Amino acid sequence: IKITSVGEGRCSAELKVEDDHVNVMGGLHGGMSATLVDCMTSYALLSKLGPTVRHVSSDIHISFLKGAKINDDLQINASVIKSGKSLAFLQAEIKNKTTGDMLAKCSHTKFILQ
């Protein structure tokens, strides 16, 4: 994964789908998508709250809209919708960088540890 920007509650990255990222049918594995969402939204949150803030996931929801296959270039964008004292609400999108097709729409809630 190549982080292309991070700051002010946002994070963007690119990824070329490779053999290790796909399921037995050759499509982007749902677990890989979940990992991308978890990491990218976490980076977005840390860019807003600071690198020492501890947090854990309480809910991740991913709507898979379209598949990706080996050699597809992906664009992943994540952002903080709102963060408070104990909860942060985040969102992410995974798109095909070449076609612009939306592959996954994601929401992520994190509990902020005090």
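The values are calculated or read from the model by the stated rules, or taken from the named source; none is laboratory data. All values reported here derive from a predicted model rather than from experimental measurement. All Cβ positions, glycine included, derive from the backbone under ideal geometry; neighbour counts span all protein chains shown. Quick note on the areas: whole protein, heavy atoms, side chains included, nothing else; ligands and nucleic acids left out. Shrake-Rupley method; radii C 1.70, N 1.55, O 1.52, S 1.80 Å.
Just a few scattered comments:
- Listed conditions (1) at pLDDT below 95; (2) within 20 Å of R10 (Cβ to Cβ) are all met by Q114, apart from (2).
- If you go through the range 1-25 and keep only what is under 18 Å from I112 (Cα atoms) and open to solvent by 90 Å² or more (accessible area, probe 1.4 Å), you end up with E8, R10.
- So G9, is it at positive phi and touching a residue at least 60 places away in the same chain (Cβ under 8 Å): yes
- Selection count, the range 9-50, where residues are over 18 Å from H61 (Cβ atoms) and among the hydroxyl-bearing types (S, T, Y): 3
- Criterion violated by S107 - all others in (1) small (G, A, S); (2) surrounded by fewer than 18 Cβ atoms within 10 Å (Cβ to Cβ); (3) not in a strand (DSSP E or B) satisfied: (3)
- Residue ID - nearest to the chain's Cα centre (by Cα), chosen from residues in the range 53-76 that are over 19 Å from D101 (Cα atoms) and aliphatic (A, V, I, L, M): I60
- Matching residues in the range 26-78 - criterion: being in contact with a Gly (Cβ under 6 Å, 6 or more places away or on another chain), farther than 22 Å from F111 by Cβ and open to solvent by 40 Å² or more (accessible area, probe 1.4 Å): G67, K69
- Taken as a whole, the structure leaves G100 outside the set of residues that are assigned to a loop (DSSP other than H, G, I, E, B) and within 16 Å of the chain's Cα centre (by Cα).
- Total residues in the range 79-97, condition open to solvent by less than 20 Å² (accessible area, probe 1.4 Å) and closer than 12 Å to K110 by Cβ: 2
- All of L90, L45, L65, L36 fail the test of being out of contact with any Pro (no Cβ under 8 Å at 6 or more places or on another chain) and touching a residue at least 60 places away in the same chain (Cβ under 8 Å), apart from L45.
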